[in-house]
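See below for the structure under consideration.
Coordinate-derived values only; no laboratory data. Keep in mind it's a predicted model, so treat the numbers as computed, not measured. Backbone-built Cβ (ideal geometry, glycine too); neighbour counts: all protein chains shown.
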Amino acid sequence: MYEHLRDECRKSSKFRLCDLCSLPIAKGEKYVCRTGAFEGRIKTTGFHTECHRMADTLPADFWENEIDYNEIRIMLAKRRIVEQQAENKEGNNGN
Ligand SMILES: [Zn+2]
């Protein structure tokens, strides 16, 4: 079972892949470094800040299965569209 220990916002010191969407996190880009204990080992994972927000909404057993990156990327794109629409709505309220 996975035990969550901490999340830290960091600036990436090297090129790495996001552990949620598997797309690159560029050197110098902000990302969230997550530390946890899994099967007797300390495990660190890295997420885009956006992916980190989505990671918290996923069911607890999500990480026990193999990740479908295509599915994740579609979920992220949908969230972006919804957020964009919400922003546009807010922007229009003043007019
Ligand atoms: Zn990501």
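What you get for the chain, charging only the Cβ of Lys and Arg (+1) and of Asp and Glu (-1), is a dipole of about 540 debye around the Cα centre. For the chain, what's the relative contact order in percent, using C-alpha pairs closer than 8 Å and at least 6 residues apart? 23 percent.
Along each principal axis, taking the top coordinate minus the bottom one, the Cα set of the chain gives 57, 30, 23 Å in descending order. Whole-Hz Karplus values for region 26-40 come out as 6, 4, x, 6, 6, 8, 10, 9, 10, 10, x, 10, 9, 6, x Hz, taken residue by residue from phi with 6.51 cos²θ - 1.76 cosθ + 1.60 and θ = phi - 60°; glycine and proline positions read x.
Using the Cα centre of the chain as origin and beta-carbon charges of +1 (Lys, Arg) and -1 (Asp, Glu), tell me which of 63, 13, 74 is placed farthest towards the positive end of the dipole. Working it through, the farthest residue towards the positive pole turns out to be 13. For region 47-95, the Kirkwood hydrodynamic radius comes to 12.5 Å, computed from all pairs of different C-alpha atoms.
Give me the count of lysine pairs in the chain whose alpha carbons sit under 17 angstrom apart, restricted to pairs 8 or more positions apart or on different chains.
The result is 5.
Near residue 22, once Lys and Arg are set to +1 and Asp and Glu to -1 for all other residues with Cβ below 11 Å from its Cβ, the sum equals 0. Highest mean first, the peptides 25-37, 56-68, 74-86 sorted by other C-beta atoms within 10 Å per residue fall in the order 25-37, 74-86, 56-68.
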